[in-house]
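Colleague: Have a look at the structure that comes next, please.
The values are calculated or read from the model by the stated rules, or taken from the named source; none is laboratory data. Everything quoted here is computed from the prediction, not taken from an experiment. Here the Cβ positions follow ideal geometry from the backbone for every residue, glycine too, while neighbour counts run over all protein chains shown. Ligands, DNA and RNA are stripped out before the accessible areas are found, and what is left, the full protein with its side chains, is counted by its heavy atoms. Shrake-Rupley method; radii C 1.70, N 1.55, O 1.52, S 1.80 Å.
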Amino acid sequence: MTGLKFPIYMDHHATTPVDPRVLEEMLPYFTKNFGNASSLDHTFGHDASVSVENAREKIAQTINARHDEIIFTSGATESDNLALIGTMEKYKDKGDHLITCQTEHKAVLDTARHLEGLGKKITYLPVNEFGEIDLDLLKKSITEKTVLISIMAANNEIGTIAEIEKIGQMAHDAGVLFHTDAAQAVGHIPIDVEKMNIDLMSFSAHKVYGPKGIGALYIRSRNPRVKPEPIIFGGGQERGIRSGTLNVPGIVGFGKALEITRNEMEKENERFKKWTKEMFEIFAKADGKLNGHHTKRLPHNLNVYFKGVESKAIINSVSSKVAISAGSACTTQVVEPSHVLLALGFDEERAHSSIRIGLGRFNTKEEIDFVSNAIYSSLIQLAKIKV
Ligand SMILES: *Cc1c(COP(=O)(O)O)cnc(C)c1O
């Protein structure tokens, strides 16, 4: 008998389980150390504040930032909202133009739509069949009125990694700010805000084995100094940029989660690269085609198209044993083809016949083999039914 436990989770782009080492670090902050980090009149508040600042330092170090450049939020969605709305508002005298791209997460796209409703001008750059923007086109799209460029670091559906460093350089050469949604990148691939010319960066704990409901926005403090307008008002926490009582257990967990990734990311990625390659070799036998870039991709991502087979059918046939996703989990309530796959130039058939697999820290080789074979058998079955 095997030691497999079902269902096997392979949807780590949607969320990740909390690492037990992270949970252990968090637990005292729910009961014993429950202080409000802003209540500095007693040791409860003081201790909470010290723990928050320790976590902030760990997070800053992970991305080569300074501790005062990290603002805690409820997650990458809020960080994206703050970055886009707050920056466009703050620098409205400079201009009203924002450049982003068609394959962004809805947290960026829907915020851009909201800004459009407020009269801002938005450019949604197209992408090539691998999910990359054209840097020449980006350069040509920059005008006197451009305030901000927002391009994601790594795509949550197809795993394509953007040329962040070059995009940041281009933005800076033109005197434009650069924001990146790095929810899928921080803790998964090396990110250095200095080297990559990043001015604002959104990221989230629950994508890196931390808890849900806590995220951060990196905001550059020098060369140039950036300060978005707040979108949430109140007690003036986080230098007035994001009011609200700090989520101390969440912040402590976030710090621990990123500290772990610093030590373990490289080894983990070697494993993921090997496993995604092995899985794809099996899928290729069933005529699977890779969606996204072949080399510039997240090591734990696999997005595969099976011509003529509905992704829902594959997922349903393995669902009692395997948890994988049809495109983006954030939009699976609605049966809409993935906006990312359509933006790559694929038709609706391809968008409806692709599956996304996201490997994670606790997956084992045994699970990889089981899932590859389960999906392969399901494809053979479904092909038979069709014939
Ligand atoms: C998950 C995700 C988000 C949303 O993050 P939350 O912390 O869940 O709000 C935004 N952008 C990308 C690319 C993501 O993968």
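Colleague: Inside region 87-108, can you point out the residues that are among the charged types (D, E, K, R) and within 16 Å of the ligand (Cβ to nearest atom)? First the steps, then the outcome.
Modeller: As a first pass, look at region 87-108 and keep what is among the charged types (D, E, K, R): 89-90, 92-94, 96, 104, 106.
Scanning region 87-108 gives GLU104, LYS106.
Colleague: Related question: Return yes when LEU118 is among the aliphatic types (A, V, I, L, M) and under 18 Å from GLU229 (Cβ atoms) and no when it is not. Please lay out each step first, then the result.
Modeller: On the way: among the aliphatic types (A, V, I, L, M): yes; under 18 Å from GLU229 (Cβ atoms): yes.
Taking the combined requirement at face value, the residue satisfies it.
Colleague: Looking at (1) part of a loop (DSSP other than H, G, I, E, B); (2) away from the ligand (no atom under 16 Å from the Cβ); (3) over 22 Å from ILE251 (Cα atoms), which is the only condition GLN169 fails?
Modeller: So the condition that GLN169 fails would be (1).
Colleague: Return the residues of region 63-81 that are within 23 Å of SER38 (Cβ to Cβ), more than 16 Å from the ligand (Cβ to nearest atom) and assigned to a loop (DSSP other than H, G, I, E, B); say none if nothing qualifies.
Modeller: ALA65, ARG66
Colleague: Kindly list, by first and then second residue, each pair from a residue in region 215-230 that is open to solvent by less than 70 Å² (accessible area, probe 1.4 Å) to a residue that is in a strand (DSSP E or B) and more than 16 Å from the ligand (Cβ to nearest atom), limited to pairs with Cβ atoms under 8 Å and residues at least 6 apart or on different chains.
Modeller: Within 8 Å, the pairs are PRO224/LEU177; VAL226/LEU177; VAL226/ILE219; PRO228/ILE219.
Colleague: Being within 14 Å of the ligand (Cβ to nearest atom), among the acidic types (Asp, Glu) and within 20 Å of the chain's Cα centre (by Cα) narrows it down to one residue among GLU163, GLU157, GLU194; which is it?
Modeller: Working: GLU163 fails: within 14 Å of the ligand (Cβ to nearest atom); GLU194 fails: within 14 Å of the ligand (Cβ to nearest atom).
GLU157 is the lone residue from the list that is within 14 Å of the ligand (Cβ to nearest atom), among the acidic types (Asp, Glu) and within 20 Å of the chain's Cα centre (by Cα).
Colleague: Select from region 123-153 the residues that are surrounded by 17 or more Cβ atoms within 10 Å (Cβ to Cβ) and out of contact with any Ser or Thr (no Cβ under 7 Å at 6 or more places or on another chain) and list them in ascending order.
Modeller: Correct list: ILE133, LEU138, ILE142, THR146, ILE149.
Colleague: Go through PRO224, PRO228, PRO211 for me and flag whichever is assigned to a loop (DSSP other than H, G, I, E, B), under 20 Å from ALA183 (Cα atoms) and more than 16 Å from the ligand (Cβ to nearest atom).
Modeller: PRO228
Colleague: Continuing with this model, one more query. Which of the residues spanning region 359-383 are part of a helix (DSSP H, G or I) and buried (at least 16 other Cβ atoms within 10 Å of the Cβ)? Show your work before the answer.
Modeller: Kept after step one, since they are part of a helix (DSSP H, G or I), are these residues of region 359-383: 365-383.
Passing the criteria: GLU367, ILE368, ASP369, PHE370, VAL371, SER372, ALA374, ILE375, TYR376, SER378, LEU379, LEU382.
Colleague: I'd like to check something: does region 41-62 contain any residue that is in a loop (DSSP other than H, G, I, E, B) and in contact with a strand residue (DSSP E or B) (Cβ under 9 Å, 6 or more places away or on another chain)? Give the steps one after another, and end with the answer.
Modeller: First, the residues of region 41-62 that are in a loop (DSSP other than H, G, I, E, B): 41-42.
Of the ones still in play, those that are also in contact with a strand residue (DSSP E or B) (Cβ under 9 Å, 6 or more places away or on another chain) are none.
Checked against the condition, which is being in a loop (DSSP other than H, G, I, E, B) and in contact with a strand residue (DSSP E or B) (Cβ under 9 Å, 6 or more places away or on another chain), region 41-62 yields no hits at all.
Colleague: Still on this structure, please answer the following. Going by the conditions given, is HIS114 more than 16 Å from the ligand (Cβ to nearest atom) and of a type outside the set (Val, Ile, Thr)? Please lay out each step first, then the result.
Modeller: Numbers: more than 16 Å from the ligand (Cβ to nearest atom): no; of a type outside the set (Val, Ile, Thr): yes.
Criteria not met by HIS114.
Colleague: To continue, here is another question. Among the residues of region 233-277, which ones are in contact (Cβ under 8 Å) with a residue 60 or more places away in the chain and assigned to a loop (DSSP other than H, G, I, E, B)? Break it down stepwise before answering.
Modeller: First pass over region 233-277, keeping only residues in contact (Cβ under 8 Å) with a residue 60 or more places away in the chain: 235, 237-239, 241-242, 245-262, 264-265, 268-269, 272, 275-276.
Matches in region 233-277: GLY235, GLN237, ILE241, ARG242, THR245, LEU246, ASN247.
Colleague: While we're here: Just name the residue that is most open to solvent (accessible area, probe 1.4 Å) out of those in region 29-40 that are in a loop (DSSP other than H, G, I, E, B) and hydroxyl-bearing (Ser, Thr, Tyr). Working first, answer last.
Modeller: As a first pass, look at region 29-40 and keep what is in a loop (DSSP other than H, G, I, E, B): 30-40.
In the following step, the residues that additionally are hydroxyl-bearing (Ser, Thr, Tyr) were identified as 31, 38-39.
Numbers: THR31: 99, SER38: 62, SER39: 40 Å².
That would be THR31.
Colleague: Another question, then. Looking at PHE280, PHE306, can you tell me which residue is in contact with a Ser or Thr (Cβ under 7 Å, 6 or more places away or on another chain) and over 30 Å from LEU148 (Cβ atoms)? Step through it out loud before you land on a result.
Modeller: Numbers: PHE280 fails: in contact with a Ser or Thr (Cβ under 7 Å, 6 or more places away or on another chain).
Unique residue meeting the criteria: PHE306.
Colleague: Name the residues in region 117-128 that are in a loop (DSSP other than H, G, I, E, B) and either outside the structural domain of LYS145 (by TED's automatic domain parsing) or more than 15 Å from the ligand (Cβ to nearest atom) (or both), would you? Full working, then the answer.
Modeller: Going through region 117-128, the residues in a loop (DSSP other than H, G, I, E, B) turn out to be 118-120, 126-128.
Those that are in a loop (DSSP other than H, G, I, E, B) and either outside the structural domain of LYS145 (by TED's automatic domain parsing) or more than 15 Å from the ligand (Cβ to nearest atom) (or both): LEU118, GLY119, LYS120, PRO126, ASN128.
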